[in-house]
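Let me begin by presenting the structure, written as structure tokens, before commenting on it.
Just so it is clear, none of the values below were taken in a lab; they were calculated from the coordinates. Please read all numbers here as calculations on a predicted model, not as lab measurements. Here the Cβ positions follow ideal geometry from the backbone for every residue, glycine too, while neighbour counts run over all protein chains shown.
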């Protein structure tokens with residue numbers, strides 16, 4: 001049978017009403033747990049995996065795919081509506097998504113996230129089916145030096161996208177880098193800045209920081225205006241659905257997000273966050289109205305959400321073709337395979353094509369099911385924002401801490417939430433951007449580790465960083481991205497750029 | 001929105017100096033850590049002290065930058081904020097932190113909810129029962145139904161057993 | 001953990017114990033997995049839960065996750081709250097032995113009551129198919145000539161992979177501080193570095209390499225256990241002339257301060273678990289090897305390994 005026949009067969013199997021019901025249950029359960037901040041798709045699947053134990057293989061596989069996609073989607077809903085990222089890959093979504101929600105455009109934001117995720121999931125899953133063997137060859141070329149170059153590119157483009165006041169942006173970024181130092185250094189096992197507190201040895205959890213800065217910091221900020229604040233949240237302004245203009249502005253970011261997210265997800269050390277960050281930076285640069293960024297630009301939701309889903313499909317490339325679980329999510333998918341007594345590996349496509357295609361078909365079905373379930377719910381979700389402020393923010397805080405408690409009910413973790421929440425509040429009051437702190441925490445350790453790995457392998461020879469065409473090329477691109485805007489700015493053409501980026505948090 | 005609260009005023013920026021102080025403290029800490037770690041860079045030539053030194057130097061430079069702007073610029077007036085509601089919420093978070101283990105999820109998180117809503121202008125007499133009921137419902141759904149392990153206190157053990 | 005929460009932990013533990021005492025199921029268990037959901041210790045704990053309930057060994061079994069610092073956060077909490085309570089168990093493993101030392105943890109395995117080793121896996125040394133090294137001896141000779149030129153990809157610093165390389169170097173007469181060990185997070189990333197020929201050689205759990213060997217993309221040069229490992233005919237390090245014997249095992253321990261009868265009762269329950277049909281079929285689906293060892297034999301083995309690990313971590317320079 002050809003690739004295509006297997007896919008059709010898998011889809012046919014999945015059309016059974018019972019199977020569809022399993023998919024629905026899986027998606028619903030996955031969304032319910034996945035919305036909790038700090039509990040990403042990997043944990044969601046780990047927690048709910050036992051639910052699938054009693055089912056037959058087909059049902060179990062589809063439920064599994066449903067939980068997985070539901071868990072991924074849940075994170076973006078809370079990012080957009082409550083400014084509370086459910087997982088690290090949906091942090092970027094909160095930047096523009098929540099601004100849209102506050103301006104009464106929560107409906108279109110949720111819709112572009114859902115449809116963008118669907119489109120990206122669809123394209124990426126098909127790419128997985130047909131291109132996986134080629135992409136994986138490319139991904140293996142990436143070693144530590146290439147990853148280091150990629151991190152530098154991400155740093156430069158992302159910082160450029162966040163900066164109005166260079167000083168304030170850099171300050172935020174360095175605070176993030178400082179936080180990234182906390183914990184055990186992976187390459188030597190030495191503890192840094194943990195002062196003998198065992199809970200600090202694993203460092204600052206990205207979602208803890210993001211939830212604290214975004215959700216708690218904002219609740220405090222809103223409270224500090226007391227009753228005099230006039231910014232009533234308008235739940236719906238204009239259409240709940242995407243307008244023609246929204247569609248026109250969304251489809252290109254969806255495709256670009258997919259194109260960025262999929263290959264980076266396929267790289268063994270890529271990860272979903274980098275894809276979303278690069279996509280956000282790209283959309284901001286390419287947008288016709290970059291001044292809208294920071295105030296609710298739909299492109300800034302559409303691109304990163306597509307990238308996030310595409311990179312999730314991307315992590316399946318090394319898993320299915322090489323048997324490499326390259327992310328927590330992929331590791332959890334491995335556990336799903338083990339239920340059937342199978343070890344994913346280089347030969348999986350050859351030895352058990354039914355299972356692989358069954359999984360791919362299940363992912364497609366779950367993807368559709370998610371869209372079917374969520375589009376009608378959007379009208380209900382945006383109603384959340386009509387809840388009077390005292391109840392809404394009390395609910396957000398209850399919910400924001402719930403994820404942390406569910407994952408690790410440690411007082412130290414809650415104390416971190418409180419500390420970073422107050423820090424986020426102070427930063428808002430004084431106009432420091434929030435996002436670069438999170439970027440520093442995510443990219444800092446990755447860049448550091450890849451640099452030191454590259455140097456270790458080359459026995460301390462720094463020229464190794466530019467010794468391959470790919471590494472040198474990416475570093476050159478990063479250097480250009482840093483230098484060109486400076487030249488433009490010097491020529492006075494950057495004025496517009498810098499004015500536009502003002503006041504975003 | 002932030003700009004509504006701050007008008008341009010010709011006074012030295014106290015905030016800039018405070019920020020500078022904090023950055024200098026963090027920078028100093030990072031530098032100290034960078035130099036205090038025994039170097040195990042091995043073949044890389046750069047050990048776990050490298051990044052702390054870099055970050056520390058960067059933070060100190062930024063602290064200097066803040067001092068410079070603080071002296072020079074016409075700083076905005078410090079924003080007017082109402083401390084009372086902020087303190088209510090911080091109290092709620094603290095209460096949750098301290099009571100979670102001894103009294104369980106329902107009471108601790110119910111209190112967080114109640115104090116937050118109270119800080120934003122509702123009466124505690126209403127928010128407390130609402131918060132407890134909501135937290136209990138969340139416990140029931142997530143712990144009992146979805147197998148997420150949440151800390152149990154006497155309420156939870158009374159209702160659902162050990 | 002000498003914070004105010006210490007007292008509250010105890011209070012909480014006492015309250016829980018009191019509540020548990022009322023229904024008085026003799027066989028109820030609370031198993032702590034000192035790691036986040038999804039990892040090896042978590043799945044060990046959840047597998048125990050599943051089988052103990054299904055086989056009727058215990059009435060109700062709950063799993064609690066306390067992640068952090070190679071299990072030492074969970075271990076410290078367990079040691080301080082579970083004291084004297086025979087219904088509490090904790091899962092752990094060899095990684096914990098190393099983590100206790102490298103993190104200078106105030107609580108060690110001596111502060112709990114180790115019951116039994118449940119499962120284990122060999123550590124394997126492997127190269128990509130394109131590598132010039134055909135045997136472990138060739139590789140070690142290259143290391144002797146220029147230790148820096150042989151880069152090792154493996155798991156986190158101070159973990160079982162790193163320890164094994166250190167032991168190998170020591171056994172071959174190479175200065176363990178001179179090994180060029182490059183730590184990667186997670187097996188997948190290290191494996192990618194090996195397959196992509198970014199490093200000279202890789203070291204990881206044998207299970208990670210077997211599918212690659214089957215596909216012809218990698219060669220296993222040696223395994224770390226005393227006997228050959230099922231699924232590969234690679235020689236052991238012992239057979240190749242290096243006195244190294246390492247197994248990455250997982251174990252279960254009970255609370256500190258148990259009476260001899262209580263310890264015997266828990267051991268009997270674990271014994272029932274390991275000998276049940278459910279556990280055997282579960283090991284098969286998970287691909288785990290049964291290396292069950294309990295009682296005085298396990299205690300003796302554990303003491304030996306703690307001693308050897310401390311020595312090698314000192315040699316590598318990770319522990320003062």
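Once you sort the root eigenvalues of the Cα gyration tensor of the range B:12-59 as a ≥ b ≥ c, which label holds: rounded (a/c under 1.5), prolate (a/b larger than b/c) or oblate (the other case)?
Details: a/c = 7.43, a/b = 3.45, b/c = 2.15.
Prolate.
Each peptide among B:84-96, A:192-204, A:380-392 gets the average number of other Cβ atoms lying within 10 Å of its residues, and from highest to lowest they stand as B:84-96, A:192-204, A:380-392. Principal axis extents of the Cα atoms in the range A:382-432, from largest to smallest and rounded to whole angstrom, are 34, 32, 16. Shielding of peptide A:454-466 by partners, expressed as the average count of other chain Cβ atoms within 10 Å per residue Cβ, is 5. The orientation-averaged projection of the convex hull spanning the C-alpha atoms of the range A:263-314 amounts to 3.3 square nanometres.
Report the FRET efficiency, 1/(1 + (r/R0)^6), for residue A:377 and residue B:72, where r is their Cβ-Cβ distance and R0 is 35 Å, rounded to 0.05. The partial results should precede the final answer.
Values: r = 53 Å, r/R0 = 1.51.
Step by step, r from the Cβ atoms, then E = 0.10.
Computed over chain C with a Gaussian network model linking Cα atoms closer than 10 Å, the most mobile of C:215, C:79, C:169 is C:215.
Just counting partner chain Cβ atoms within 10 Å, what average do the residues of peptide B:48-60 show around their Cβ? Walk me through the numbers before you get to the answer.
On the way: counts 13, 4, 5, 13, 7, 0, 5, 12, 4, 1, 6, 6, 1.
Partner Cβ neighbours, averaged per residue: 6.
Given only helices, namely DSSP H runs of n ≥ 4 each adding -39500 (n - 2.57), what is the per-residue ellipticity at 222 nm of chain B, to the nearest 500 deg cm²/dmol? Walk me through the numbers before you get to the answer.
On the way: 7 runs with 109 residues, N = 162.
For chain B, the value works out to -22000 deg cm²/dmol.
Note on residue C:145 and residue C:197: the model spin-label points, each 7 Å out from Cα along the C-beta direction, lie 1.8 nm apart.
By the beta-carbon count within 10 Å of each Cβ, the least crowded to most crowded order of A:247, A:241, fewest first, is A:241, A:247.
Using the number of other C-beta atoms within 10 angstrom as an exposure proxy, rank A:428, A:145 with the fewest first. Kindly include the intermediate steps, with their values, before the conclusion.
Details: A:428 22, A:145 26.
Final ranking by Cβ density, sparse to dense: A:428, A:145.
As a rough guide to protection, the peptides A:85-96, A:477-488, A:21-32 ranked by mean Cβ packing within 10 Å, highest first, stand as A:85-96, A:21-32, A:477-488. Any idea what angle helix B:105-119 forms with the longest principal axis of chain B, computed on alpha-carbon atoms, 0 to 90 degrees, nearest 10? That works out to roughly 70 degrees.
For peptide A:169-176, what's the mean number of Cβ atoms from other chains within 10 Å of each residue's Cβ?
On the way: counts 0, 5, 10, 1, 3, 13, 6, 1.
Across A:169-176, the average partner-chain Cβ count within 10 Å equals 5.
Once you order the gyration tensor axes a ≥ b ≥ c over the Cα atoms, which shape class does the range A:60-173 get: rounded for a/c under 1.5, otherwise prolate or oblate by comparing a/b with b/c?
Values: a/c = 2.35, a/b = 1.07, b/c = 2.19.
Verdict is oblate for the range A:60-173.
In chain B, the longest principal axis of the Cα atoms and the axis of helix B:124-139 are about 90 degrees apart.
Would you look at the GNM of chain C, springs on alpha carbons closer than 10 Å, and say which of C:76, C:193, C:130 moves the most? Result for chain C, Cα springs under 10 Å: C:130 fluctuates most. With an a/c value under 1.5 for the gyration tensor axes a ≥ b ≥ c computed over the alpha-carbon atoms, the protein assembly as shown is described as rounded. Separation of the range C:296-320 and the range A:269-297, taken as the distance between their Cα centroids, equals 50 angstrom. Each part reduced to its alpha carbon centroid, the range B:112-139 and the range B:21-76 end up 43 Å apart. Cβ crowding within 10 Å ranks A:79, A:60, C:224, A:467 as A:467, A:60, C:224, A:79, fewest other Cβ atoms first. Ranked by the mean number of other Cβ atoms within 10 Å of their residues, highest first, the peptides A:170-181, A:122-133, C:50-61 fall in the order A:170-181, A:122-133, C:50-61. For chain C, the 222 nm mean residue ellipticity estimated from helices alone, with every DSSP H stretch of n ≥ 4 adding -39500 (n - 2.57) and the total spread over all residues, rounds to -14000 deg cm²/dmol.
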